[in-house]
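Accompanying notes for the structure given below.
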Amino acid sequence: MPIQTAVLASGNKGKLKELSPLLASVGFELTPQSHFEISAIPETGASFVENALLKARHASRLTSLPAFADDSGLVVPSLNGAPGIYSARYAGASATSEKNNIKLLEALRNSNSRRAYFFCTLVFLLHAEDPTPIMASGEWHGDIAEGAKGANGFGYDPLFVAQGFQITAAQMEPELKNQVSHRAIASRSLIRSILDRRGQV
Ligand code: IMP
C-alpha cells in the first residue's frame with residue numbers, strides 16, 4: 001500500500017499517538033499541524049461536526065495535504081447538551097479540568113437526570129475543497145457520578161461512569177478506555193468508511 005502523508009489538525013500529542021497506528025493501517029502517515037507552524041483556528045461552529053470540518057479544511061488549505069481532524073466533548077441532555085462543544089472551556093477560557101468538573105457537579109446538583117454521553121467526530125478531507133469529506137462519529141453513554149474518582153484519562157473522565165461499568169473512566173486502564181470510548185468507536189467507523197470509499201473509486 002502506498003504511504004501518503006496527511007496533516008492532523010490538532011496539537012494534542014495524545015490524539016496523534018492514538019490515531020497514528022490506526023491510520024497507518026490504511027496507508028496514512030500523520031504529521032501534526034504544529035510541524036507546519038499552523039495555529040489553531042477559532043472553533044465557531046455550532047456542533048462537533050462543524051468544528052471538526054473547520055479544523056480539517058484550515059489545516060488542509062495551509063499545507064496542501066489531505067487532513068484529519070477530530071472534535072469531541074461531553075453532552076448532558078438534562079443541561080440542554082452542555083457542556084457540549086464548550087467542554088474544554090466550560091468554566092472559562094483557560095479553565096482546568098478540575099474547575100470544569102466542579103462546575104458540572106454544581107450544575108447537576110438539583111437535576112433529576114445525570115445521564116451523559118461523550119461524543120467524538122472525526123473528519124477526513126482529501127484536499128481543502130473536498131466536497132465529500134468522510135466523517136464518522138462515536139457516542140459513549142453513561143452517568144455523571146456524585147464526585148470525582150480515579151487518576152487516569154483526562155477532562156471529565158473522573159466523573160463519567162459508562163454503562164456496564166461500576167468505575168469511572170478515570171479508574172479504567174487506558175487500554176480498556178481506548179477500546180470502548182467514543183473516540184475508539186469513531187476511529188473504527190472512519191477506517192471502515194475510508195476502506196469502503198477506496199473500494200468504490
Ligand atoms: P477536544 O476534542 O480535545 O477539543 O476535547 C474537548 C474537551 O472535551 C476536552 O478538553 C475534555 O474536556 C472533553 N473530552 C473529550 N473527550 C474526552 C474524554 O475521552 N474524556 C474526558 N473528557 C473528554
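Since every read-out is calculated from the coordinates, none of them should be taken as a lab result. Keep in mind the model is a prediction, meaning the values are calculated, not measured. Cβ coordinates were reconstructed from backbone atoms using ideal geometry, including for glycine residues, and neighbour counts include every protein chain displayed.
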(Q) Suppose R0 equals 35 Å. What FRET efficiency, 1/(1 + (r/R0)^6) with r the Cβ-Cβ distance, do residue 151 and residue 201 give to the nearest 0.05? (A) 0.15
Q: Please name which of 135, 72, 22 has its Cα lying farthest along the dipole of the stretch 1-145 towards the positive end, using unit charges on Cβ (Lys, Arg +1; Asp, Glu -1) and the Cα centre as origin.
A: 72
Q | Calculated from backbone phi, Karplus (6.51, -1.76, 1.60) coupling profile of the stretch 174-187 in Hz, x at Gly/Pro | A | x, 4, 5, 4, 5, 9, 10, 6, 3, 5, 5, 5, 5, 4
Q) Quick one: which of 13/177; 103/149; 55/99; 13/149; 17/149; 15/103 span more than 20 angstrom between C-alpha atoms? A) 55/99; 13/149; 17/149; 15/103
**Q.** For the stretch 102-117, 3J(HN,Hα) per residue [Karplus equation, 6.51 cos²θ - 1.76 cosθ + 1.60, θ = phi - 60°, Hz, x = Gly/Pro]
**A.** 5, 5, 5, 4, 5, 5, 8, 3, 10, 7, 8, 9, 10, 4, 7, 8
Q. When the dipole is taken about the Cα centre of the chain, and only Lys, Arg (+1) and Asp, Glu (-1) are charged at their Cβ, what size is it in debye, to the nearest 20?
A. 100 debye
Q) If you build a Gaussian network model of the chain, linking Cα atoms that sit under 10 Å apart, which residue out of 166, 179, 33 swings the most? A) 166
Q: List the residues whose amide H sits under 5 Å from the amide H of residue 31, counting only those 5 or more places along or on another chain, with H placed 1.01 Å from N in the peptide plane.
A: 6, 7, 8
Q. Could you give the angle, 0 to 90 degrees to the nearest 10, between helix 48-63's Cα long axis and the longest principal axis of the Cα atoms of the chain?
A. 40 degrees
Q. About its Cα centre, what dipole magnitude does the stretch 83-134 give when the only charges are +1 on Lys and Arg Cβ and -1 on Asp and Glu Cβ, stated in debye to the nearest 20?
A. 440 debye
Q) Per-residue HN-Hα couplings for the stretch 190-198, Karplus 6.51 cos²θ - 1.76 cosθ + 1.60 at θ = phi - 60°, whole Hz, x for Gly and Pro? A) 4, 4, 4, 5, 5, 5, 4, 4, 4
Q.
Suppose we take every Cα in the chain and form the convex hull; what volume per residue is that in Å³?
A. 124 Å³
Q: On a C-alpha basis, how far is the centre of the stretch 164-186 from the centre of the stretch 6-52 in Å? Whole number, if you could?
A: 21 Å
Q) For the stretch 4-198, what is the percent of antiparallel DSSP beta bridges, rounded to the nearest 5? A) 75 percent
(Q) Between residue 93 and residue 50, what's the calculated FRET efficiency when r is the beta-carbon distance and R0 is 22 Å? Round to 0.05. (A) 0.60
Q. Contour minus end-to-end for residue 43 and residue 20, with contour as 0.36 nm per residue of separation and end-to-end as the Cα-Cα distance?
A. 5.9 nm
Q | Semi-axes of the equivalent ellipsoid for the stretch 1-105, Cα gyration tensor, largest first, Å | A | 29, 14, 13
